[in-house]
Amino acid sequence: MRKSCLLLENVKFEMLSEESFQKFIQNFDYNDLTNMIWFKLCSCFHPNHLISQHSFNSRYHIKAIPYHQETSNRFCGIIHHLTEECGDNVHDKGIVNVTSSSVHISLYSLNAADLENKNQLHPNKIRTNSWICYDFKEKRIQPTHYSIRYRHDYDKGCNNLQTWVIE
C-alpha cells in the first residue's frame with residue numbers, strides 16, 4: 001500500500017468544502033482506492049450525513065473574548081487581549097498591522113494599538129474620508145461590540161472620529 005493511501009485513510013472528507021472535495025475527486029487515482037477510503041467517501045453521500053457540532057469544534061478552535069461595557073473595562077477587548085498574550089504592542093510584534101490614510105506629525109499608526117498609553121493616541125490629520133485599518137492577518141474576528149477612544153484634552157470634534165464603518 002502506498003503512503004498516500006495511508007494518509008487518505010485519515011482524511012475527514014466530510015469536513016472538506018465542496019470546492020476542495022471536487023478537486024480531490026478530479027485528482028484522485030482510483031487505483032489508490034482502499035476499502036477504508038471508499039467507506040469514508042460513501043459516508044459523505046449518505047442521506048443522514050450531517051457534520052456534527054463536535055466535529056466542527058474539534059477542527060476549529062473558537063475563542064470568545066468577553067466584552068464588558070462598564071466604563072473601566074470598555075477598552076479590554078481584542079487589541080487588549082492580544083497585547084496581553086504577546087506582552088507588547090501588537091503592531092510592533094506583527095500580530096496586527098495598523099495603517100492609516102494620514103498621520104499627524106510623529107504619531108504613528110502603531111499608537112492606535114497601544115491602548116495603555118492615553119497620551120499618544122492616533123489623531124489623523126484633518127482630512128475628509130481619513131481611515132484607520134486594523135488588519136488581524138490570519139486571525140478571524142467577529143466583532144460584537146466596540147469602543148472608540150479620543151483625546152479628552154482636544155477640542156470637541158478636533159481630530160476625533162465622527163462617523164465610522166467596520167468592514
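Nothing in this text is a laboratory measurement; each read-out follows from the coordinates by a stated rule. Nothing here was measured: the structure is a model prediction, and the numbers come from that model. Heads up, the Cβs are rebuilt from the backbone with ideal geometry, glycines too, and the neighbour counts pull from every protein chain shown.
Overview of values
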| item | result |
| --- | --- |
| Local electrostatic count at His80 - Lys and Arg +1, Asp and Glu -1, tallied over other residues with Cβ under 11 Å | -3 |
| Inter-site label distance for Ile166 and Trp131 at 7 Å from Cα along Cβ, in nm | 1.7 |
| Net lengthening on full extension, Asn35/Lys93 (0.36 nm per residue, minus Cα-Cα) | 16.0 nm |
